[in-house]
1. Quick one: which residue in Ile105, Ile118 is at pLDDT below 95 and of a type in the set (Val, Ile, Thr)?
2. Can you give me the number of residues within the range 36-52 that are of a type in the set (S, T, N, Q) and modelled with pLDDT under 95?
3. Going by the structure shown, is Tyr177 within 16 Å of Gly29 (Cα to Cα) and in contact (Cβ under 8 Å) with a residue 24 or more places away in the chain?
4. Between a first residue in the range 104-130 that is on the phi > 0 side of the Ramachandran plot and a second residue that is buried (at least 22 other Cβ atoms within 10 Å of the Cβ) and among the hydroxyl-bearing types (Ser, Thr, Tyr), which pairs have beta carbons less than 8 Å apart while being 6 or more apart in sequence or on different chains?
5. So which residues in the range 191-218 are assigned to a loop (DSSP other than H, G, I, E, B), modelled with pLDDT under 95 and of a type in the set (Val, Ile, Thr)?
6. Quick check on this structure: which one of Asp34, Asp46, Asp68 is in contact with a strand residue (DSSP E or B) (Cβ under 7 Å, 6 or more places away or on another chain) and either in contact (Cβ under 8 Å) with a residue 12 or more places away in the chain or among the hydroxyl-bearing types (Ser, Thr, Tyr) (or both)?
7. Kindly list the number of the only condition in (1) at pLDDT 95 or above; (2) aromatic (Phe, Trp, Tyr); (3) not in a helix (DSSP H, G or I) that fails for Phe249.
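The values are calculated or read from the model by the stated rules, or taken from the named source; none is laboratory data. The model shown is predicted, which means the values in this text are computed figures rather than measured ones. All Cβ positions, glycine included, derive from the backbone under ideal geometry; neighbour counts span all protein chains shown.
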Amino acid sequence: MLPGSYEEQFLPCSGREKLGTILYIHGFGGSYEDNFSAPGLAKHFDYYAINLPGHGENNPPAFDSSLDEYAQYAAAYIKERNLRDVILMGHSLGGGVVSVTENKIRERLFALILVNPISRTILNTPEIKKMLLPETPEDVYELCRLAYHDFDSMKDVPGFSKACEEMLAVQLRKKAYLRGLFDEINSEKTISLLEQSIRNITTKTLYMIGRYDRIVPEYGVQWPSNPHIEYFVFENSGHCPQNEEPRLFVEQVAAFIRKKSKR
């Protein structure tokens with residue numbers, strides 16, 4: 001993709017306390033609009049987000065759908081926008097992208113935030129493939145029900161129903177691309193690359209987990225042993241704590257960055 005042609009979102013810091021700059025990477029089949037905690041994060045940070053190729057309205061004529069190429073894409077964005085001391089945040093697929101991006105652009109990073117990142121549990125759970133590749137509106141709502149611990153409460157959140165509808169539109173429009181991407185990112189080669197990347201992280205990292213995540217089940221993840229990684233578990237969330245507990249999510253991110261900034 002040509003420099004400057006990224007599909008992006010930018011929210012300037014609106015609070016008195018600016019803690020840094022975030023770049024958010026969304027999950028599989030989603031877009032930067034999926035993060036309901038963005039306005040809260042923008043009270044403490046300059047907040048950037050991008051749509052990965054094949055997501056949102058980002059339709060490159062040709063793109064190698066691999067975790068490494070997505071990581072190259074994120075690294076190129078950071079360089080082209082000349083961002084420094086970046087807090088690189090990724091959810092699900094985006095967490096995998098962030099983990100692989102880290103060693104490509106470590107000198108420009110301040111911290112990583114991994115939110116229920118993809119793991120070997122998906123590779124070992126074939127039935128999740130059907131759930132993550134919905135074909136009807138009913139399938140999309142079942143996926144949302146799977147992703148959220150308290151789906152009934154989420155239905156009352158402004159913008160939630162619209163986000164589900166937009167997810168369906170993207171899924172149907174890009175069905176072939178997403179199927180190929182799913183097979184690629186859930187191959188042994190890709191999962192091994194991801195696991196190696198997380199083991200080798202040297203940037204300070206907050207690894208955030210929803211206790212009731214049924215897409216990347218917390219109980220099935222062997223949490224990486226890495227002295228640079230700290231963990232936080234959301235006790236009332238599923239796969240999307242940034243949406244189910246946005247206030248606590250923002251509080252934890254801000255507290256982690258404050259703590260690391262003092263060292």
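1. Ile118
2. Within the range 36-52, residues that are of a type in the set (S, T, N, Q) and modelled with pLDDT under 95 number 1.
3. Criteria met by Tyr177.
4. Every condition considered, the pairs that remain are Asn116/Ser92.
5. If the condition is that a residue be assigned to a loop (DSSP other than H, G, I, E, B), modelled with pLDDT under 95 and of a type in the set (Val, Ile, Thr), then Ile215, Val216 are the ones that fit.
6. Going through Asp34, Asp46, Asp68 in turn, just one is in contact with a strand residue (DSSP E or B) (Cβ under 7 Å, 6 or more places away or on another chain) and either in contact (Cβ under 8 Å) with a residue 12 or more places away in the chain or among the hydroxyl-bearing types (Ser, Thr, Tyr) (or both): Asp46.
7. Here Phe249 meets the rest and fails (3).
So that you can scan it fast, the table gives a plain yes or no per residue for (1) among the basic types (Lys, Arg); (2) touching a Pro at 6+ places or on another chain (Cβ under 8 Å); (3) over 18 Å from Tyr73 (Cβ atoms); (4) crowded, with 22+ Cβ neighbours inside 10 Å:
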site	(1), (2), (3), (4)
Leu11	no, yes, yes, no
Gly27	no, no, no, yes
Ser37	no, yes, yes, yes
Ala42	no, yes, yes, no
Leu52	no, no, no, yes
